[in-house]
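In what follows, a structure is listed as C-alpha cells, so that the remarks can point back to it.
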Amino acid sequence: MKKTTKNSNLRIIGLYLFVFLLAVGVVVKIVKVQQFDELINTTSQPRFFTVEAPRGNILADDGSLLAISMPLYKIYLDLSVISQVLFDKHIVEMSEGLSDLFADKSAEEYERFLRLAKKSRKNKYVLLKLKVTHNELKFLQSLPVFKLGQNRGGLIAEQRPHREVPFGLLAQRTVGVLRDVNPVGIEVAFNQVLSGVDGQHLKRKIAQGAWVPQDSEGNSLPKAGRDILTTINIDMQDVAEKSLEQTLIKENADWGCVIMMEVKTGEVKVIANLRKDTSDRVTEYFNYAIAQHDAPGSTFKLASIIAGLEDGKFTVNDSVNLQKGRRIYYDRVMRDSPHNFKNVTIKKAFIISSNVGISKIINDNYKQNPAEYTDRIYKMGLSTPLNLELPFPDDGLRMPIPNKRGWSGVTLPWMSTGYEMALTPLHMLTFYNAIANNGKMMNPIFTKAIMMGGNIIEEKSPVVVNPSICSESTIREILPLLIGVVEEGTAANIRTDKYKIAGKTGTTVLNYAGRKEDEEKKYQASFAGFFPADNPKYSCIVVINNPKNGQLYGGKVAAPIFKELADKVYALDMDIHNPIISTDTFTNLPIVKQGKTFDANQILTELNISTQNTESNWMVSQTSNSEVKLMVRKIEEDLQRGKMPNLKGMNLKDAVYLLETYGLNVSIEGSGSVVSQSIKKGVKFKKGNLIKLELA
C-alpha cells in the first residue's frame, strides 16, 4: 500500500513539474515574441519609421555650397514580385544596365546574380548596393522591369542621410561636423536651424532586419532645415589655405592660421586652420584661430603704445635709449634682435620692434602704478572673452592683474612686449580691426543670414563691442607707425606701390619661461594689419607656430602670406581701388568698329564723347576732331530679302549673331574683324548655306 502511494506521489510530482515547465515555456515564448520579435521572426506588424529631414545647406557669402545634404540610398531587390515571363524577357537588359551603371561586375556576372536571387526562396529581399546616389537611383528606375515600381518591379530604395562638403577641407573646422563626440563649427552652433522637421513612413518587415515601405495615410514627408549664409569668401579662403599650406611645408612649421575680417562689419571672410605632420601631410585638425591661447608677442606692442598715448605718458616723437638692445630687469635680461640703434624716437623703436624700447617707456611710466596700465589695456577689450557664434573654449584667456598671484617686478616690462598673457589670434585681430575702424571694435561674425528656399528670412546685423577703444587723435598718431613697419621696418619685404599696408610683426618665444638651458627655443611668427591703410576695408592676422627651417621672424614667415592674400583681394575687390578720373574732353577721339548702334552709343556716352546718332540697329562710324558720327548701315534689310550684305569691318560676335539669326552656318578663320566672306555682297542665299568668314 505504501509502495502504491509512493508511486502515485511521484506521478503527481512529475505531472506538476511538466505543467510548471510548460507554463514557464509559454511565458518565455510570450516574452520573446513581445520583446525580441524583431530578432527571431521574419514577419512583423507594420510600424512607422522616422524619416530624417534633409539638413539645411551651409553657404559661402556668394551662395556657393560649403555643406549640403545629398541623400544616399540602400538598394534592395524583391524579385518574388516579378513574373517569370517578364524576368526572362528583360534579364539581359537589366544586367547590362547594372554593369554600365556601377562598373563593378560584367553583365554576365550580374545576370548570374539576378538568376540566383530569383530562384532563392529563403531570401527574397536581396541587397543590391549600399551607397547609391540620387542620379544612380534615377537611372535604376529607368531600367526595364525596375521602372514598374516596388510592387511590380521589385526595386526598393531606402534613403539614408549623407552630408557632402563640395570644397573638401576648405574652412572645414568652421563649417564643422555634427557628431556625437566633439561636434564643431556652424553645424553644431546652428543645429536647430539646420535640422528641419522629421517625417515618418510605415514599413512592413519581410526578413530579419529588412523592412519594406508601405503606403499609409499616416506617412508624412520631412521638412528640410533652413540654410545658413556664412560670411566666408571661397576665393579668399582658397588663396589663404594654399599659401598657408606651402609655408608650413617650406618652413617645417607645426601649425598655422589665417583670419581676415571686413573692417566695418566684423564679417570673417577667411578663417584657415592647418596642421602639418611629420610626413608633410597638411590637414585641418583644430580651430587655432579661435581656440589657441598663446602669448601674442610683438603684435601686442601696439596696445602698449596706445595706452601711453591715451594716458599722456609720452608722444611718438619722444626719444628712448635702446641701450644697445639689452636691458636687465631684476634677474632677467630683455633683448632686441641685433641692431645698431641707440637713441631713437618711440616711433622708430616701434617700427624696428625694439623690446628694450617699448618695455622701457612702459616700465618707466607705470611701475609705480601698474594698475593704471592694465586698466587701460582692459578698457580696450583685450581681456574680455569674445561673444562668438561658434562653440569655443574661453578658459585659456589670461591677462595679468597687478598685485595678484603671479605678478612680479618683471611682469610689467614683459607684458608690454606681449608676454605674461594668453590670447587667441582672433582676439588680436579684433583689436587691430578696431584700429582700422577708427577705434570702433566690432564683434567677429561668421554668418550673415538664415535662408529658406533662396529667400532671406532672418538677417544678421553687425555688433559693436566697444564704440571707441581709444581717441581718434591717438588713431591718427599710431597709423604712421603701422605704415612705417611695412614701408621701412620689420615687414619692409611686403611693401607694395599698388596700395598701402599698415601692420605689425610678431616673433614670440613660446617657451621663454621655465626653459631648460639645453632646450631649444620654440618660436611663433605672426603679422597683424589692415589694408588699404588710407581707407581700410580688410584686416588680417597670420600666425605660424614653431617654424624650424631657419626663418623665425614674423616679417619673413607670416607677413608674406598676408601680402599674397591682400594682393588677391585687391585684384578682386574693385571697391578698394582709387576711382579712375576721366577728363571731359578728348584730344584724340576713338575709332569705333562697325556693329550695334546701341552698344557703341552706350560706351561713347559713358566716356562723355559727343556723338551724332542714328536710329538704325546697325551702324558704321566716322570720327572727326570734335565728334563720332554713327551712320546707318543697312545690313538686316539685305538679310531679310535673302541677299548677303557686306560684312567687312564687323566684329565676330555681331557677324555670327546676324548670320545665324537668318539660318546660315558660319565657319571662322583667324581673329579680329571680318576682312573676307565666301558669299559675296548681293548674292542670294538660303537657310542652311555655309558662309566662311576670314578675320584679321
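The values are calculated or read from the model by the stated rules, or taken from the named source; none is laboratory data. Nothing here was measured: the structure is a model prediction, and the numbers come from that model. Every residue, glycine among them, receives a Cβ derived from its backbone with ideal geometry; neighbour counts consider all protein chains shown.
Return the residues of the stretch 394-412 that are of a type in the set (D, E, K, R) and in a loop (DSSP other than H, G, I, E, B); say none if nothing qualifies.
Just the residues of the stretch 394-412 that are of a type in the set (D, E, K, R), to begin with: 394-395, 398, 404-405.
Residues satisfying the conditions are D394, D395, K404, R405.
Out of all the residues in the stretch 518-532, is one or more modelled with pLDDT under 95 and surrounded by 14 or more Cβ atoms within 10 Å (Cβ to Cβ)?
Just the residues of the stretch 518-532 that are modelled with pLDDT under 95, to begin with: 518-523.
From the residues that got through so far, the ones that are surrounded by 14 or more Cβ atoms within 10 Å (Cβ to Cβ) too are 522-523.
Yes, the stretch 518-532 contains a residue that is modelled with pLDDT under 95 and surrounded by 14 or more Cβ atoms within 10 Å (Cβ to Cβ).
From G688, G670, grab the single residue that is surrounded by fewer than 16 Cβ atoms within 10 Å (Cβ to Cβ), over 15 Å from E637 (Cα atoms) and either touching a strand residue (DSSP E or B) at 6+ places or on another chain (Cβ under 6 Å) or of a type in the set (V, I, T) (or both). Give the steps one after another, and end with the answer.
Numbers: G688 fails: either touching a strand residue (DSSP E or B) at 6+ places or on another chain (Cβ under 6 Å) or of a type in the set (V, I, T) (or both).
After ruling out the rest, the residue left standing is G670.
Identify, by number, the condition in (1) more than 20 Å from K504 (Cα to Cα); (2) touching a Leu at 6+ places or on another chain (Cβ under 6 Å); (3) of a type in the set (S, T, Y) that S408 doesn't meet.
(2)
Might you check whether a residue that is modelled with pLDDT under 85, of a type in the set (G, A, S) and either assigned by TED's automatic domain parsing to the domain that holds R47 or farther than 30 Å from Q192 by Cα (or both) occurs anywhere in the stretch 249-263? Before the answer, list the steps.
Our first condition is that a residue be modelled with pLDDT under 85; within the stretch 249-263, this holds for none.
Scanning the stretch 249-263 turns up no residue that is modelled with pLDDT under 85, of a type in the set (G, A, S) and either assigned by TED's automatic domain parsing to the domain that holds R47 or farther than 30 Å from Q192 by Cα (or both).
Restricting the search to the stretch 331-343, which residues are surrounded by fewer than 11 Cβ atoms within 10 Å (Cβ to Cβ) and of a type in the set (A, V, I, L, M)?
Selection gives V333 alone.
So which of I361, I351 is under 15 Å from M415 (Cβ atoms), assigned by TED's automatic domain parsing to the domain that holds I478 and among the hydrophobic types (A, V, I, L, M, F, W, C)? Working first, answer last.
Working: I351 fails: under 15 Å from M415 (Cβ atoms).
Unique residue meeting the criteria: I361.
Are any residues in the stretch 242-266 of a type in the set (K, R) and more than 15 Å from the chain's Cα centre (by Cα), and if so, which ones?
Of the stretch 242-266, the ones of a type in the set (K, R) are 242, 250, 264.
Once the filter is applied, which keeps residues that are of a type in the set (K, R) and more than 15 Å from the chain's Cα centre (by Cα), the stretch 242-266 yields K250, K264.
So which residues in the stretch 413-442 are assigned to a loop (DSSP other than H, G, I, E, B) and either surrounded by fewer than 21 Cβ atoms within 10 Å (Cβ to Cβ) or in contact with a strand residue (DSSP E or B) (Cβ under 6 Å, 6 or more places away or on another chain) (or both)? Break it down stepwise before answering.
Of the residues in the stretch 413-442, the ones assigned to a loop (DSSP other than H, G, I, E, B) are 417-421, 424, 437-440.
Result: M421, N438, G439, K440.
Looking for something closer than 30 Å to R163 by Cα, part of a helix (DSSP H, G or I) and touching a Lys or Arg at 6+ places or on another chain (Cβ under 8 Å) - is there at least one such residue anywhere in the stretch 100-118?
Yes, the conditions are met somewhere in the stretch 100-118.
So, in the stretch 332-350, how many residues would count as being closer than 18 Å to K367 by Cβ and touching a residue at least 60 places away in the same chain (Cβ under 8 Å)?
2
Name the residue that is nearest to the chain's Cα centre (by Cα), counting only residues in the stretch 472-497 that are among the charged types (D, E, K, R) and in a helix (DSSP H, G or I). Explain how you work it out, then say what you get.
If we filter the stretch 472-497 for residues that are among the charged types (D, E, K, R), which is where we start, we get 472, 476-477, 487-488, 495, 497.
So of that shortlist, the ones also in a helix (DSSP H, G or I) come out as 472, 476-477, 487.
Details: E472: 35, R476: 35, E477: 36, E487: 32 Å.
Looking at residues that are among the charged types (D, E, K, R) and in a helix (DSSP H, G or I), I get E487.
Do we find a residue being under 21 Å from the mean Cα position of the chain (by Cα) and either of a type in the set (A, V, I, L, M, F, W, C) or at negative phi (or both) anywhere in the stretch 195-207? Quick ask: steps written out before the conclusion?
Let us first name the residues in the stretch 195-207 that are under 21 Å from the mean Cα position of the chain (by Cα), namely 195.
Of the ones still in play, those that are also either of a type in the set (A, V, I, L, M, F, W, C) or at negative phi (or both) are 195.
Looking for residues that are under 21 Å from the mean Cα position of the chain (by Cα) and either of a type in the set (A, V, I, L, M, F, W, C) or at negative phi (or both), one finds at least one in the stretch 195-207, hence yes.
Out of curiosity, is S142 among the polar types (S, T, N, Q), surrounded by fewer than 18 Cβ atoms within 10 Å (Cβ to Cβ) and outside any strand (DSSP E or B)? Talk me through it step by step, then tell me what you get.
Numbers: among the polar types (S, T, N, Q): yes; surrounded by fewer than 18 Cβ atoms within 10 Å (Cβ to Cβ): yes; outside any strand (DSSP E or B): yes.
Yes; evaluated as a whole, the condition is true for this residue.
Please determine, by comparing only the residues of the stretch 61-82 that are over 22 Å from V132 (Cα atoms) and among the charged types (D, E, K, R), which one is nearest to the chain's Cα centre (by Cα).
Out of the qualifying residues, it is D61.
Taking the residues in the stretch 264-287 that are at pLDDT 95 or above and not in a strand (DSSP E or B) as candidates, determine which candidate is farthest from L59 (Cα to Cα).
K264
Filter the stretch 368-384 for residues that are assigned to a loop (DSSP other than H, G, I, E, B) and surrounded by 14 or more Cβ atoms within 10 Å (Cβ to Cβ); which is modelled with the highest pLDDT?
The initial filter retains those residues of the stretch 368-384 that are assigned to a loop (DSSP other than H, G, I, E, B), namely 368-369, 380-384.
Okay, now just the ones that are also surrounded by 14 or more Cβ atoms within 10 Å (Cβ to Cβ), so 380-384.
Details: M380: 93, G381: 89, L382: 89, S383: 84, T384: 86.
Residue satisfying both the conditions and the ranking: M380.
Do we have any residue at all in the stretch 298-310 that's of a type in the set (D, E), assigned by TED's automatic domain parsing to the domain that holds A558 and touching a strand residue (DSSP E or B) at 6+ places or on another chain (Cβ under 6 Å)?
Just the residues of the stretch 298-310 that are of a type in the set (D, E), to begin with: 310.
Next, from what is left, pick out any that are assigned by TED's automatic domain parsing to the domain that holds A558: 310.
Those still in the list that are touching a strand residue (DSSP E or B) at 6+ places or on another chain (Cβ under 6 Å) too: none.
No, every residue in the stretch 298-310 fails to be of a type in the set (D, E), assigned by TED's automatic domain parsing to the domain that holds A558 and touching a strand residue (DSSP E or B) at 6+ places or on another chain (Cβ under 6 Å).
Kindly list the number of the only condition in (1) buried (at least 17 other Cβ atoms within 10 Å of the Cβ); (2) over 30 Å from K460 (Cα atoms) that fails for I328.
Only one criterion in (1) buried (at least 17 other Cβ atoms within 10 Å of the Cβ); (2) over 30 Å from K460 (Cα atoms) is unmet by I328, namely (1).
Evaluate the stretch 241-252: report whether one residue or more is touching an Asp or Glu at 6+ places or on another chain (Cβ under 6 Å), in a helix (DSSP H, G or I), without any contact (Cβ under 8 Å) to a residue 60 or more places away in the chain and over 30 Å from L77 (Cβ atoms).
Applying the first criterion (touching an Asp or Glu at 6+ places or on another chain (Cβ under 6 Å)) to the stretch 241-252 yields 243, 249.
Still in the list and also in a helix (DSSP H, G or I): 243, 249.
After this cut, where a residue has to be without any contact (Cβ under 8 Å) to a residue 60 or more places away in the chain as well, the list is 249.
Narrowing further to those that are over 30 Å from L77 (Cβ atoms): 249.
There is at least one residue in the stretch 241-252 that is touching an Asp or Glu at 6+ places or on another chain (Cβ under 6 Å), in a helix (DSSP H, G or I), without any contact (Cβ under 8 Å) to a residue 60 or more places away in the chain and over 30 Å from L77 (Cβ atoms).
Checking V85 against (1) more than 26 Å from L202 (Cβ to Cβ); (2) in contact (Cβ under 8 Å) with a residue 24 or more places away in the chain, which test does it fail?
Failing condition for V85: (2).
Since I469 meets every condition but one in (1) part of a helix (DSSP H, G or I); (2) of a type in the set (V, I, T); (3) touching a strand residue (DSSP E or B) at 6+ places or on another chain (Cβ under 6 Å), which condition does it not meet?
Among (1) part of a helix (DSSP H, G or I); (2) of a type in the set (V, I, T); (3) touching a strand residue (DSSP E or B) at 6+ places or on another chain (Cβ under 6 Å), the lone unmet condition for I469 is (1).
Could you please find all residues in the stretch 575-605 being of a type in the set (S, T, Y), at pLDDT 60 or above and surrounded by fewer than 15 Cβ atoms within 10 Å (Cβ to Cβ)? Steps first, please.
Going residue by residue through the stretch 575-605, those that are of a type in the set (S, T, Y) are 582-583, 585, 587, 597, 605.
Going one step further and asking which of them are at pLDDT 60 or above, we end up with 597, 605.
Selection gives T605 alone.
Go through V463, V410 for me and flag whichever is surrounded by fewer than 21 Cβ atoms within 10 Å (Cβ to Cβ) and more than 27 Å from I346 (Cα to Cα). Quick ask: steps written out before the conclusion?
Working: V410 fails: more than 27 Å from I346 (Cα to Cα).
Only one candidate passes the filter, namely V463.
Suppose we keep only residues that are among the hydroxyl-bearing types (S, T, Y) and modelled with pLDDT of 90 or more within the stretch 83-122. Which one would you say is nearest to the chain's Cα centre (by Cα)? Before you say what the answer is, go through the steps one by one.
Within the stretch 83-122, the first condition is being among the hydroxyl-bearing types (S, T, Y), and the residues that meet it are 83, 95, 99, 106, 110, 120.
The next check asks that each one be modelled with pLDDT of 90 or more; those that pass are 95, 99, 106, 110.
Working: S95: 42, S99: 38, S106: 41, Y110: 42 Å.
Residue satisfying both the conditions and the ranking: S99.
Of the residues that sit in the stretch 172-192 and are buried (at least 18 other Cβ atoms within 10 Å of the Cβ) and modelled with pLDDT of 80 or more, which one is nearest to S69 (Cα to Cα)?
Result: E187.
All but one of (1) of a type in the set (F, W, Y); (2) under 22 Å from T474 (Cβ atoms); (3) under 42 Å from the mean Cα position of the chain (by Cα) hold for Y285; state the number of the condition that does not hold.
The failed condition is (2).
Tell me which of these V486 doesn't satisfy, since it passes every other one: (1) surrounded by 15 or more Cβ atoms within 10 Å (Cβ to Cβ); (2) of a type outside the set (S, T, Y); (3) closer than 24 Å to I377 by Cα.
It fails just one condition, (3).
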